[in-house]
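FYI, it's all coordinate maths here, none of it is from the lab. None of these values were measured; they are calculated from a predicted model. Positions of Cβ are generated from backbone atoms using ideal geometry, with glycine treated the same way; all protein chains shown enter the neighbour counts.
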Amino acid sequence: MSFPTVVFYVLSAILIFAGLRVITAKNPVHAALYLVLAFFTSAGHWLLLESEFLAISLVLVYVGAVMVLFLFVVMMLDINFEKLREGFWKNAPLAGTVGLIMVGEMVLILMSPEASLGSYKGAAPLAADASNIRELGRLIYTTYLWPFELAAVVLLVGMVAAIALTMRKRKDTKFVNPGDQVVVRRDDRVRLVKMAAVKRSEPVAEAESADQQA
Amino acid sequence: MNWADLNLVPVMPEIFLISALSVILLLDLFISDAKRGITYGLSLLTLAGTAALQVYTFEPYAQYTLSNMFVADPLASLVKLAMYGATAMILVYSRQYAADRDMFKGEFFTLALFALFGMNVMVSASHFLSLYMGLELLSLSLYALIALQRDSVPATEAAMKYFVLGALASGLLLYGMSMVYGATGTLEIAAIAKSIHGGSANQLLLVFGLVFLVAGLAFKLGAVPFHMWIPDVYQGSPTAITLMIGAAPKLAAFVFIFRILVQGLDGLTGDWQSMLAIMAVLSMAIGNITAIAQTNLKRMLAYSTISHMGFLLLGLLAGNEQGYSSALFYAVTYVLTTLASFGVIMALSRAGFECDKLEDLKGLNSRNSWYAALMLLTMFSLAGIPPLVGFYAKFAVIKAIVDIGLVKLAVFAVAMSLIGAFYYLRVVKHMYFDEVQDTSPIVVRGDMQLVLSLNALALLVLGVLPERLIEICVEAMKQSLTVL
């Protein structure tokens, strides 16, 4: 077995383990961290395929940005995951059986000699000076222009949807409009009350008159 | 790709749609809630403009552009025009409904147009990548639209269910696509067909991928056994959004299936025919029989949708031009009928009241005989009673499968339609023969009254004179099949 093959199997084993732990981990923070591990090992797979740019962008975008935000959300929300998982064990045997049968069938088909997966050769090695980014950029802006533009629209939809679903005007908010604050005039805030000067009276009467003023 | 070869004329409707959509998105920020009618008017104008461009750029043959990822053929043009019409009608129907439920916001219109753009992309895709992008665009917009009413528990539950199951189906679809890619080495639909016909593709891997593709497609269409989301989502969503899920996307899903199974995997017809047959039989049986037990009108119509999708699959599995064009006719007329039935539900609903139970229709005739008559037309059409258009649609599909010798399947389909007639006629019985329970007046905007009446009457007119539309469907199918 050549070195890249060994690396491939090691990475795959870690990836499958991490993927399983994502869905079985009790603590959601652990699950998110295992997802980070899964992304890292997939980036390793990209490197084996000589796609350095995709590998690094997977790490930067998913691990660096998406998963960190995700961790923040998981830590901020105080969700009782145990409660959510209450119905899990009731359905687990059936779901597990169906899943295992499906996996078994898929393995049988893909391992059969008729599928002849062995006849599929790996990608030819790239030249030493081949530039991943240039090739990717060339394809995205020429052949794959349409899907690329569509991906931009999908992101726009995501943005519109996220704003539409989360932005709400709360009734009890203490927000002050700075514009209103600046244009406020003295007359809006201060009321001058003209009162006739009176002689100092007894303490009881004073309290009464204060009540009347209020 | 050479820039000089870049032909953007066939893509003009899509470019106009997305540009106008972006303008509406920006303009809407400066419009106060009271003047939201401007956004509504602009959305309708956009639809009219897109439809005009669609007609203007129409060519009676298939045009490929954008590196063969976009195809503009008569089938796509026909279906797109139908989708523009359906979306415009939904906007008109839901104006008052949405305003009563605090949903009359800019996002309601922009997301609806985004969904339409996604459907346009799906319908015009000649490459697995653009097919998938269009599907995701549609699904994402729909998830957000369902959840737009955030304080409603059923709506958020429906959105969540749709989202999780939709993601699962997308995963199945992608896995199937990757298998087909592995077997043929290409994602372009025409090239896949060529590779299969050339015999160079690995048959086992192809069929393996096909299973996943069919499962994903059946989910999107809502055919048994991948139908469980439909009743919950139909019932939980606000009716305006239910209509957005139940009308135009069915057309898009039909073309989606046509492009993948017929145009791409033509060489595997024998394999997918039997898969579709099983799903069609189950859909018709479970859809019709479960619908009888429903007391909620929207849920009942959801099960009715499942059974109608079974009929649609029957047309597809006939595997010839006659079958495909009858399925196309079925899809177009089904969308028209759905629009009318949910339109009446929205007309009868008002602020704080949802007319979604069968009992709510009791004695409708004595409250307002016109709406009772419109509902009667749609129910008769759904049940397939002549001379309404639903009858011709069912007739054409059944004729197509009898012609290829599947008589047993045809008999089964007829029997299931008879069972289905029971619950459609029960609605009619409620409207005409039961005592009134709710006597509040029915107030409907004038424009909606007009469009809804025309919509329901079209079912009758098309039922009496179906030849023209059938001809158009046959012609569109013929052009799309000669490409192969």
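Summary table below
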{"read-out": "Other-chain or far-sequence residues with amide H under 5 Å of residue B:70's (modelled H)", "value": "B:65, B:126"}
{"read-out": "Sorted by Cβ neighbour density within 10 Å, fewest at the top, the residues A:45, B:430, A:30", "value": "A:30, A:45, B:430"}
{"read-out": "Efficiency of FRET between residue B:174 and residue A:165 - r from beta-carbon atoms, R0 25 angstrom, step 0.05", "value": "0.50"}
{"read-out": "Value of [θ]222 nm, deg cm²/dmol, for chain A, DSSP H segments ≥ 4, -39500 (n - 2.57) each, nearest 500", "value": "-20500 deg cm²/dmol"}
{"read-out": "Rg/Rh ratio calculated on Cα atoms of the range B:79-179 (Kirkwood radius)", "value": "1.02"}
{"read-out": "Alpha carbon convex hull of chain B, volume per residue in cubic angstrom", "value": "131 Å³"}
{"read-out": "The range A:56-68 - phi-based ³J(HN,Hα) in whole Hz, Karplus 6.51/-1.76/1.60, Gly and Pro as x", "value": "6, 6, 4, 5, 5, 6, 6, 6, x, 9, 5, 5, 5"}
{"read-out": "Normalised per residue, the volume of the convex hull around the Cα set of chain A (Å³)", "value": "312 Å³"}
{"read-out": "Rounded FRET efficiency, nearest 0.05, which uses the C-beta distance separating residue A:26 from residue A:173 and R0 of 35 Å", "value": "0.40"}
{"read-out": "Karplus 3J(HN,Hα) series, Hz, for the range B:58-75 with 6.51 cos²θ - 1.76 cosθ + 1.60 (x for Gly, Pro)", "value": "5, 10, x, 9, 7, 10, 9, 8, 6, 6, 6, 9, 10, 10, 10, 10, x, 4"}
{"read-out": "Rh (Kirkwood; distinct C-alpha pairs) - the range A:1-81, Å", "value": "13.5 Å"}
{"read-out": "Residue order, fewest to most beta carbons within 10 Å, for A:146, A:46, A:89", "value": "A:89, A:46, A:146"}
{"read-out": "Residue-span extension gain [residue B:22 to residue B:197] - 0.36 nm each, minus C-alpha spacing", "value": "58.7 nm"}
{"read-out": "Amide proton proximity set for residue B:357, modelled H, under 5 Å, gap of 5+", "value": "B:297"}
{"read-out": "Residue-wise HN-Hα coupling along the range B:113-122, computed from phi with Karplus coefficients 6.51, -1.76, 1.60 (Hz; x: Gly, Pro)", "value": "6, 4, 4, 4, 4, x, 5, 4, 4, 4"}
{"read-out": "Computed FRET value (nearest 0.05) for residue B:102 with residue A:106, which takes r as the C-beta separation and R₀ as 45 Å", "value": "0.40"}
{"read-out": "Rg followed by Dmax, in Å, when the protein assembly as shown is reduced to its Cα trace", "value": "29.3, 114"}
{"read-out": "Cβ-based exposure ranking for A:90, B:429, A:174, B:399, in which fewest neighbours within 10 Å come first", "value": "A:174, A:90, B:429, B:399"}
{"read-out": "Cα-based helix-to-principal-axis angle, A:132-141 vs chain A, degrees rounded to 10", "value": "70 degrees"}
